[in-house]
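Have a look at the structure below before the remarks.
Just so you know, all these numbers are worked out from the coordinates, no wet-lab data involved. The shown structure was predicted, so the numbers you read here are calculated from the model rather than taken from an experiment. Neighbour counts are summed over all protein chains in view; Cβ atoms, including those assigned to glycine, are modelled from backbone coordinates with ideal geometry.
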Amino acid sequence: MNYIILDLEWNQAAYKVDEEAELPFEIIEIGAVKLNKNAEIIDEFTALIRPQVYPFLVRRTREITGLSDDDLDREGIYFEEVAADFLAWCGRDFIFGIWGPGDLTQLEKNMAYYNIRVPWRYPFKYLDVQKLYALQQKEGKTRRTLESVIDLLGIERDRPFHRALDDAVYTARVFEQLDREHFESYFSVDYYRLPRNRFEETTFYFDTYSKYVSRKFPLKEELVKNRRIREIYCLKCRRKLKKEIPWFSDGGRSYFCTGRCKDHGLMRGRIRVKVTEDHSGFFGVRTVKQCTGEDEALIMGRREHMKKRRREHRKREATNS
Ligand SMILES: [Zn+2]
């Protein structure tokens, strides 16, 4: 299996009123390198795209990429054609490596806009090199720019930044330095294409947590009341757990609960409510991880805080009426 390290450049409307709702970002360049299993570059793909939605590059895009309207006029090829070439070039047996989740979403969005069928299997796994770097450095949720990581790793700056192929090559060089055997199990899951029905909803098990992605629900209330998203399973034996602290909202976009496995101890569940890419509904990502004493105290604290807020709210309502 090959790795395909992908990078895109895109353009947008100069003014919000001119924005095409279905395509806020129009891809103007695709760059990618194909790596063998030892992370050595064996092929490359580069193409400029002739814009069809936003005919002029906004200043920011011109400044970042150094591209001009003339360049795209002269060398650009229509997206439909480039996408077909690119999909053929990717082949069948590959996994994407991408700096952050954004480029994959934009690629799929542009493909959807032109009614190009996505041939990739579902659910679609990819490697987020930006996240894997943070994991390797034990930096948690920190996300660094590609450029800063190149400097931190002491990789030579022998080509410019912010053109698709150049950034793909730099991303490949970071990828090469990762402990790949260890990190390949930390794949990410594409959230652009969601499960279409409950049969496609999947739980992924990782070393230290599990992740479940739900289908789309028109209303947030329907999502958080759904029976399946509210179930939690032991990370080790995958037994369904009885809740110790039932689901409660943190007042924002997250819900928490705990459940205990008699063999493997306390687990904590979390549901993150997310808005779908096209803003037509909601989906949930439920993670389960083993609870440390500290986690348990944190959850108890959160719950107490929410209870207190509700009590105060009721008191205020009572005084007002
Ligand atoms: Zn268990």
Residue-normalised 222 nm signal for the chain, counting each DSSP H run of n ≥ 4 as -39,500 (n - 2.57), nearest 500 deg cm²/dmol, is -9500 deg cm²/dmol
Which Cα, out of 95, 106, 65, lies furthest along the positive dipole direction of the range 58-128 (beta carbon charges, K/R +1, D/E -1)?
95
Can you list the aspartates and glutamates whose alpha carbon is less than 17 Å from that of residue 225, not counting same-chain residues fewer than 8 positions off?
201, 250
Over 25 Å between Cα atoms: which of 125/262; 262/289; 125/274 fall into that group?
125/262
Are there trypsin sites (Lys or Arg not before Pro) in the range 49-94 that DSSP puts in a loop and that have at most 13 other Cβ atoms within 10 Å, and which ones?
92
Tell me, rounded to the nearest percent, the portion of alpha carbon pairs in the chain spaced more than 29 Å apart.
48 percent
Starting at the first residue of the range 60-74, write each ³J(HN,Hα) from the Karplus equation 6.51 cos²θ - 1.76 cosθ + 1.60 with θ = phi - 60°, in whole Hz, x for Gly and Pro.
4, 5, 4, 5, 5, 8, x, 7, 10, 4, 4, 4, 6, 4, 6
Among all the aspartates and glutamates, which ones have a C-alpha under 15 Å from residue 34's C-alpha, if same-chain residues fewer than 8 places away are not counted?
7, 43, 44, 85, 93, 166, 167, 176
Options 256, 197, 284, ranked by Cα towards positive dipole end of the range 186-290, top entry (Cβ charges):
256
From the P(r) of the range 85-129, could you give the percentage of C-alpha pairs in the tail past 17 Å?
34 percent
For the range 250-301, what is the per residue volume of the convex hull drawn over the alpha-carbon atoms, in cubic angstrom?
81 Å³
Would you mind putting 150-163, 176-189 in packing order, based on average other-beta-carbon counts within 10 Å, highest first?
176-189, 150-163
Report the rotationally averaged projected area of the range 2-183 based on its alpha-carbon convex hull, in square nanometres.
10.9 nm²
Consider all pairwise Cα distances in the range 199-313 and report the whole-number % of them above 23 Å.
30 percent
Roughly what % of DSSP beta bridges within the range 2-183 run antiparallel, to the nearest 5?
65 percent
quick note, the chain, DSSP beta bridge pairs, % antiparallel (nearest 5) is 85 percent
Label-to-label distance, nm, for residues given as residue 275 and residue 211 (7 Å Cα→Cβ offset)
2.2 nm
For the range 231-273, with equal point scatterers placed on the C-alpha atoms only and solvent neglected, what are the log10 I(q)/I(0) values from the Debye formula at q = 0.32 1/Å, to two decimals?
-1.07
In nm, what is the difference between 0.36 nm times the number of residues separating residue 318 and residue 60 and their Cα-Cα distance?
87.6 nm
Quotient of C-alpha Rg and 2.2 N^0.38 Å, computed over the range 173-267
1.28
Pull out the extension gain between residue 121 and residue 304, defined as 0.36 nm times the separation in residues minus the alpha carbon to alpha carbon distance; nm, one decimal.
61.5 nm
Cα→Cβ-extended label distance, 7 Å offset, between residue 236 and residue 200, nm:
3.5 nm
Computed from the beta carbon distance with a Förster radius of 22 Å, FRET efficiency for residue 136 and residue 38 to the nearest 0.05 stands at 0.75
Of the range 58-98, those with amide N under 18 Å from the point 7 Å along the Cα→Cβ vector of residue 50 are 68-86
